[in-house]
Amino acid sequence: MRTLISVLTILSFILGSVPCYAKKLQLISGNWAPYVSANPAEPGITTEIVLAAFKAVGIETALEFYPWPRCEKMIQHNMDVVTFPYVKTHERKKFAVFSVPMITEKTYLYYSKQNMHKYDFSGYKDLRKYRIGTLNGFVHYELFKRNGVPATVIKNNTTALQMLLRNRIQLFPINNLVAKREIQNNFPDQANEFSHTKTPMYEVTLHLMISKNNPEANYILSNFAEGMSIIRREGTFDQIIEKYY
């Protein structure tokens, strides 16, 4: 009996020392097709990457969708959730930690060729003389604010592109893949009326974002990094990218 107790004690110590995420990991995100979408038929590039990476290390996940500003607020308020895809910024680093990069994305300034001559991005100072649109919760919102560029907050990408056509704004920052999808779905007859700067306004990497105060943050991020290595090595990552590009 004493031997049995000793063995059980040792096993308990060993198993207790191994990190284990026993519950489902709660993921939250917003809609930003084709990077992330509530459409189960086409969940998005980063959604598929995140789910595949966690699956590769045996972590079960659940995904819910909220407006982007609310996702960030939930992290700020130390809620036990993980959100994606987010860009590291000076402000966010105050309350959050970030995963290894998933992918890189470039954002360009779009404009209507009917309402504006050919334009290229040359710096934030030059933007102050134009009517600019932005989205709350996106990195360009913070960049405009930090660089003193007045910008109108718009509900979504579709509305912003419509405002470009109607000359209510002159420039709007948007990723090329997102813009292509928006124009194909909502403005197919006006596709040739849009153009964008040759120079990107910025190039960033996309990450998971977790509250600094989440006690399991390091465990989640290290497992995600391991999962990313696995799906890259096994070819799953490339298959996801090829599906959307």
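The values are calculated or read from the model by the stated rules, or taken from the named source; none is laboratory data. This structure is a prediction, so every number in the text was calculated from the model and none was measured. Neighbour counts are summed over all protein chains in view; Cβ atoms, including those assigned to glycine, are modelled from backbone coordinates with ideal geometry.
Listed by position, the strands (runs of 3 or more DSSP E) inside the range 7-126 whose residues that are modelled with pLDDT of 95 or more and in the same structural domain as residue 142 (by TED's automatic domain parsing) number at least 3 are 104-112. Yes or no: residue 61 polar (S, T, N, Q) and more than 28 Å from residue 203 (Cα to Cα)? Spelling it out, residue 61 is indeed polar (S, T, N, Q) and more than 28 Å from residue 203 (Cα to Cα).
Report every pair of residues separated by at least 6 positions or lying on different chains whose Cβ atoms are under 6 Å apart, first residue within the range 113-124 and hydroxyl-bearing (Ser, Thr, Tyr), second in a loop (DSSP other than H, G, I, E, B) and surrounded by 14 or more Cβ atoms within 10 Å (Cβ to Cβ). Hits for this filter: 124/149.
Report yes if some residue within the range 86-96 is touching a residue at least 60 places away in the same chain (Cβ under 8 Å), under 13 Å from the mean Cα position of the chain (by Cα) and within 19 Å of residue 152 (Cα to Cα); otherwise report no. No, because not a single residue in the range 86-96 is touching a residue at least 60 places away in the same chain (Cβ under 8 Å), under 13 Å from the mean Cα position of the chain (by Cα) and within 19 Å of residue 152 (Cα to Cα).
The listed residues are 211, 229, 195, 222, and the only one of them that is assigned by TED's automatic domain parsing to the domain that holds residue 135 and not hydrophobic (A, V, I, L, M, F, W, C) turns out to be 195. Scanning the range 100-144 for residues that are closer than 19 Å to residue 161 by Cα and of a type in the set (Val, Ile, Thr) yields 107, 132, 134, 139.
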